[in-house]
Amino acid sequence: MTVFGADRLTADGHDEAVAALRDRLRGLPDDAALPYRPEHGGDFDGDLVLRPDLAPGLAGLGVHLREDSA
């Protein structure tokens, strides 16, 4: 879970983030695993940089999710 702007949260934003984290933690036993690319599965080079052909023109954390596991 990522809380963007965590250093600038308002009191309401903090409460929302806490509630979202609680929900996420409660769901861990039953939720499906996030489909992240394995480190040594061929998607990353020797410096652990994602191969550019796998997410051309994209950036951010989402590029590390496998598309084939939806």
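Those residues that are farther than 23 Å from Met1 by Cβ and not in a loop (DSSP other than H, G, I, E, B), I need them from the stretch 52-70; list them, please. Pro52, Asp53, Leu54, Asp68 - these are the residues of the stretch 52-70 that are farther than 23 Å from Met1 by Cβ and not in a loop (DSSP other than H, G, I, E, B).
Residue-wise test of (1) surrounded by 10 or more Cβ atoms within 10 Å (Cβ to Cβ); (2) at pLDDT 90 or above.
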| site | (1), (2) |
| --- | --- |
| Phe4 | no, yes |
| Glu16 | yes, yes |
| Asp23 | yes, yes |
| Arg26 | yes, yes |
| His64 | yes, no |
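Looking across the stretch 1-32, the residues that are over 25 Å from His64 (Cα atoms) and small (Gly, Ala, Ser) come down to Ala11, Gly13, Ala19.
When the stretch 32-51 is filtered for residues that are surrounded by 10 or more Cβ atoms within 10 Å (Cβ to Cβ) and either of a type in the set (Val, Ile, Thr) or not in a loop (DSSP other than H, G, I, E, B) (or both), the ones remaining, listed by number, are Tyr36, Phe44, Leu50.
So, Ala55, is that one surrounded by 12 or more Cβ atoms within 10 Å (Cβ to Cβ), aliphatic (A, V, I, L, M), at negative phi and at pLDDT 95 or above or not? No; evaluated as a whole, the condition is false for this residue. Beta carbons closer than 9 Å, at least 6 apart along the sequence or on distinct chains, pair a first residue in the stretch 23-42 that is in contact (Cβ under 8 Å) with a residue 12 or more places away in the chain and more than 12 Å from Met1 (Cα to Cα) with a second that is part of a loop (DSSP other than H, G, I, E, B) and of a type in the set (Asp, Glu) for Arg37/Asp43. Selection of the stretch 47-70 for residues being in contact with a strand residue (DSSP E or B) (Cβ under 8 Å, 6 or more places away or on another chain) and not hydrophobic (A, V, I, L, M, F, W, C) yields Arg51, His64, Arg66.
The values are calculated or read from the model by the stated rules, or taken from the named source; none is laboratory data. Nothing here was measured: the structure is a model prediction, and the numbers come from that model. Cβ sites come from the backbone with ideal geometry, for glycine too, and all protein chains shown count toward neighbours.
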